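The values are calculated or read from the model by the stated rules, or taken from the named source; none is laboratory data. Quantities reported herein were computed from a predicted structural model and do not represent experimental measurements. Cβ sites come from the backbone with ideal geometry, for glycine too, and all protein chains shown count toward neighbours. Each accessible area value is taken on the protein alone, full model and side chains, heavy atoms only, with ligands, DNA and RNA left out. Shrake-Rupley method; radii C 1.70, N 1.55, O 1.52, S 1.80 Å.
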Amino acid sequence: MPREFVAKRVAELKPSGIRKFFDIVATMDDVISLGIGEPDFTTPEPILEAGIEALRQGETHYTSNAGIYELREAIADLLEEKYQVRYDPASEVVVTVGVSEALYLALTAVINPGEEIIIPTPCFVSYQAEVLLAGGVPIEVPGTMENGFQPEPELIEAAITPRTKAIFIGFPNNPTGAVATRENLLAISRIAEKHDLLVISDEIYDNLVYGVEHVCFASLPGMKERTITLSGFSKSYAMTGWRVGFAAAPAGILQGLVRIHQYTVMSAPSVSQLAALAAIQVGADSAEEMRQKYDRRRKLIVSRLNEIGLDTVMPQGAFYAFPKIASSGLDDETFAQRLLEEEKVAVVPGSAFGSGGAGFVRCSYATKYEQIEQALDRIEKFMERHKK
Ligand SMILES: Cc1ncc(COP(=O)(O)O)c(C=O)c1O
């Protein structure tokens with residue numbers, strides 16, 4: 001037997017259920033994809049222009065490790081304006097390579113081997129994997145369709161052990177579209193206080209809410225001191241390819257993240273940081289226009305899925321619908337596979353998002369309205385054949 005060079009904790013990671021699907025999609029023609037979790041829009045013009053201009057001005061160098069100061073200031077001001085929580089741009093904000101890096105930094109900075117991180121699921125595919133990579137143990141607390149995929153404070157508290165370090169929440173949620181209520185978040189804040197836990201809150205979809213409020217966890221009484229807030233530019237401003245996000249936390253915690261960041265990536269790309277600054281300064285109208293388009297698509301997809309017989313809760317945030325596929329008599333993996341083969345529509349099996357996801361599929365509506373209409377016609381035909 002040749003020696004195993006790949007570390008055990010890496011070799012044992014399951015491949016992402018999303019990737020597997022897209023490898024198949026890439027080999028097929030005429031597929032309508034409701035699979036990808038990224039805006040179909042190109043980055044709005046004023047932001048693009050700022051990026052191009054930055055390059056022309058010779059902004060092609062490393063920046064300070066924590067990020068361009070003006071951007072950190074703009075991020076801190078924005079968080080204060082929107083959520084009345086104040087971070088010091090000099091010591092409490094780090095600009096990262098997408099929220100993906102911010103997640104990695106947060107978990108690596110806080111987890112000692114064997115510590116447990118409680119994660120309400122279904123959730124973004126990276127959370128559990130990143131906890132494992134950091135040497136921790138992810139403890140999943142599944143939500144249910146019946147309660148709108150809200151995080152459930154009693155179940156979270158019941159999952160606490162002497163090894164629990166943090167609660168990791170991600171709302172507005174990928175894949176369910178749930179937006180956690182203030183009441184549930186307040187209950188979680190009391191649990192965090194009582195058991196002296198950290199809270200890591202991924203708020204990347206904070207701008208994408210439809211008629212409900214997004215509550216920034218750190219803005220709740222006493223919570224700034226025990227919260228790492230993660231957010232970014234990929235979703236609200238259609239900037240996935242620029243790779244820019246941030247983490248904000250009290251200096252004592254944040255400086256731990258910066259220490260890893262400086263040795264691993266040095267600084268986020270300079271041009272992307274300047275484009276992100278422009279997004280905050282001049283991107284709000286474009287972001288709002290995109291949000292309204294998502295809202296229109298959301299209403300279309302949810303009403304048609306329900307008509308077709310795939311029960312779907314009206315999502316209140318992000319850009320995903322999460323239909324229950326029980327009426328097809330298929331499990332979610334088979335449903336997604338057959339739908340792709342028979343009707344060339346790509347969706348993601350819910351079980352890719354952790355416990356509570358089995359029996360559902362994720363349909364992204366970050367796709368053109370007409371494409372969504374066509375995809376729904378195809379799903380309807382599929383269900384005519386498969387409905388039990
Ligand atoms: C909940 C959530 N967090 C984080 C990310 C990563 O975003 P990025 O690294 O592009 O900022 C995604 C992307 O799909 C996401 O859905």
Exercise. Once a ≥ b ≥ c are taken as the square roots of the eigenvalues of the Cα gyration tensor of the range 57-282, is the result rounded (a/c under 1.5), prolate (a/b larger than b/c) or oblate (a/b not larger than b/c)?
Worked result: prolate
For this session: Starting from the Cα of R296, step 7 Å along the direction of its Cβ; do the same at T42; then give the gap between the two resulting points in nm.
Result: 2.0
Exercise. How about the range 211-303: which GluC sites (Glu not before Pro) there lie in a loop by DSSP and see at most 10 other Cβ atoms within 10 Å?
Worked result: E213
Exercise. So if we plug the beta-carbon distance of I24 and N306 into 1/(1 + (r/R0)^6) with R0 = 25 Å, what FRET efficiency do we get, rounded to 0.05?
Worked result: 0.35
Exercise. Given the protein chains as shown and a 1.4 Å probe, how many square angstrom of E183 are accessible, to the nearest 10?
Worked result: 140
Problem set entry | Accessible area of the chain belonging to carbon and sulfur atoms, whole % at 1.4 Å probe | 52
For this session: Normalising by the residue count of the chain, find the relative contact order in percent from Cα pairs under 8 Å and 6+ residues apart.
Result: 24
Problem set entry | For the chain: accessible area per residue (Å², 1.4 Å) | 43
Exercise. Once both axes come from the Cα atoms, what is the angle between helix 98-110 and the longest principal axis of the chain, in degrees from 0 to 90, rounded to 10?
Worked result: 60
Problem set entry | Residues of type aspartates and glutamates that K381 reaches as a straight line, Cα spacing below 15 Å, ignoring anything fewer than 8 places off in the same chain | E307, E341, E342, E343, E373
Seminar exercise, completed: the chain: longest segment with zero exposed chymotrypsin sites (Phe, Trp or Tyr not before Pro), where exposed means DSSP loop plus at most 12 other C-beta atoms within 10 Å, is residues 63-388
Problem set entry | Estimated vicinal HN-Hα couplings, Hz - the range 60-75 in sequence order (Karplus 6.51, -1.76, 1.60; Gly, Pro = x) | 10, 10, 4, 10, 4, 3, 6, x, 4, 4, 4, 5, 4, 5, 5, 5
Seminar exercise, completed: Checked the range 1-85 with the C-alpha gyration tensor, a ≥ b ≥ c its square-rooted eigenvalues, rounded below a/c of 1.5, otherwise prolate if a/b is larger than b/c and oblate if not; verdict prolate
Problem set entry | Angle between the chain longest axis and helix 332-343 axis [Cα atoms, degrees, rounded to 10] | 60
Seminar exercise, completed: Shape call for the range 305-388, from the Cα gyration tensor axes a ≥ b ≥ c (a/c under 1.5 means rounded, otherwise prolate when a/b beats b/c, else oblate), comes out rounded
Seminar exercise, completed: In degrees rounded to 10, the 0-90 angle between helix 369-386 Cα long axis and the longest Cα principal axis of the chain is 50
For this session: Starting from the amide H of V141, placed 1.01 Å from N in the peptide plane, find each other amide H under 5 Å away whose residue is 5 or more places distant or on another chain.
Result: I119, T121
Exercise. When only DSSP loop residues count, what trypsin sites (Lys or Arg not before Pro) in the range 1-39 have their Cβ near at most 15 other Cβ atoms within 10 Å?
Worked result: R3
Problem set entry | Helical mean residue ellipticity (222 nm; -39500 (n - 2.57) per DSSP H run of 4+; nearest 500) of the chain | -13000 deg cm²/dmol
